[in-house]
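For reference, the structure is listed below as structure tokens.
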Amino acid sequence: MSETKKTEKTRMGNGAVVAMCCSFVIGMGAMAYAAVPLYEMFCKVTGYGGTTQRVEQASDVILDKKIKVRFDANVGPGLAWTFEPVQREVEMKIGETVQIMYKARNMASTATTGQATFNVTPQAAGAYFNKVQCFCFTETTLKPGEELIMPVVFFVDPEIVKPVETKGIHTITLSYTFYPHEASKPVVSAVDVKTDNANKL
């Protein structure tokens, strides 16, 4: 085999390796991107990983047994906000519906948008921590210096006292983390398009 053919074959082999590596990197990136919303959806449904349940109505059963709920707040890198619970903890009856508040303030000189994720510890309690109202996974935009008070309405399912792995839980921690989020662009309506076209004529 001539040196020219060997060189061409080597180049083709190297090109194939590079193409395979690029495809692998792109594929992994796509899987990672898709994994976030899929994992979020899975956790919402199952309570896996300490993710709380979302319900439409409060509990109609209240036990004569109390549990303490603590509140934690964090801000991810790249978001110039302060974020904290108005009260650090509450002691409540299991099944009782309670409302607490978190507050956030934009410390940046421009309007910024954030979105909060949450989890519950211990993880086994996640399936029994039911939120009636919350700000999680909601796109939140604050103007420079603007402060926002955000309510969370929740109750602890009385069923928590039945399973062996949860009946001994006396304290639950609800933790939120706000991350920077790109604000959604407003949808242009048909009326706006017609008006714009009329102005051009």
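Within the stretch 162-182, count every residue that is open to solvent by 70 Å² or more (accessible area, probe 1.4 Å) and either among the β-branched types (Val, Ile, Thr) or on the phi > 0 side of the Ramachandran plot (or both). Matching residues across the stretch 162-182 total 1. Taking the stretch 74-121 as the range and being small (Gly, Ala, Ser) and surrounded by 20 or more Cβ atoms within 10 Å (Cβ to Cβ) as the test, the residues that pass are Gly95, Ala104, Gly114, Ala116. Among residues of the stretch 173-185 that are over 10 Å from Thr113 (Cβ atoms), those with a beta-carbon under 8 Å from a residue that is among the acidic types (Asp, Glu) at least six positions away or on a different chain give the pairs Thr173/Asp72; Leu174/Asp72; Ser175/Asp72; Tyr176/Asp72. Every test in (1) within 28 Å of Val69 (Cβ to Cβ); (2) crowded, with 19+ Cβ neighbours inside 10 Å; (3) at pLDDT 95 or above is passed by Glu159 save one, and that test is (2). Take Val152 and tell me if it is surrounded by fewer than 18 Cβ atoms within 10 Å (Cβ to Cβ), touching a Phe, Trp or Tyr at 6+ places or on another chain (Cβ under 9 Å) and assigned to a strand (DSSP E or B). Considered against the rule, which asks whether it is surrounded by fewer than 18 Cβ atoms within 10 Å (Cβ to Cβ), touching a Phe, Trp or Tyr at 6+ places or on another chain (Cβ under 9 Å) and assigned to a strand (DSSP E or B), Val152 comes out as no. Ile94 meets the conditions (1) within 21 Å of Glu159 (Cβ to Cβ); (2) modelled with pLDDT of 95 or more; (3) out of contact with any Pro (no Cβ under 6 Å at 6 or more places or on another chain); (4) β-branched (Val, Ile, Thr) in every case but one. The failed one is (3).
Residues are listed down the side, and each one gets a yes or a no for (1) over 21 Å from Asp157 (Cα atoms); (2) basic (Lys, Arg); (3) out of contact with any Ser or Thr (no Cβ under 8 Å at 6 or more places or on another chain); (4) modelled with pLDDT of 55 or more:
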| residue | (1), (2), (3), (4) |
| --- | --- |
| Gly50 | no, no, no, no |
| Ala58 | no, no, no, yes |
| Val61 | no, no, yes, yes |
| Lys66 | no, yes, yes, yes |
| Asn74 | yes, no, no, yes |
| Gly78 | yes, no, yes, yes |
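So, Thr46, is that one open to solvent by less than 40 Å² (accessible area, probe 1.4 Å), of a type in the set (Val, Ile, Thr) and modelled with pLDDT under 95 or not? When the stated conditions are applied, Thr46 does not pass them. Filtering the stretch 162-201 to residues that are small (Gly, Ala, Ser) and either at pLDDT below 55 or not in a strand (DSSP E or B) (or both) leaves Gly168, Ala183, Ser184, Ser189, Ala190, Ala198.
Looking across the stretch 120-149, the residues that are assigned to a loop (DSSP other than H, G, I, E, B) and either among the hydrophobic types (A, V, I, L, M, F, W, C) or within 17 Å of Glu89 (Cβ to Cβ) (or both) come down to Pro122, Cys134, Phe135, Cys136, Phe137.
The values are calculated or read from the model by the stated rules, or taken from the named source; none is laboratory data. These figures come from a predicted structure and were not determined experimentally. All Cβ positions, glycine included, derive from the backbone under ideal geometry; neighbour counts span all protein chains shown. For the accessible areas, the whole protein counts, side chains as well, though only heavy atoms, and no ligand, DNA or RNA atoms are used. Shrake-Rupley method; radii C 1.70, N 1.55, O 1.52, S 1.80 Å.
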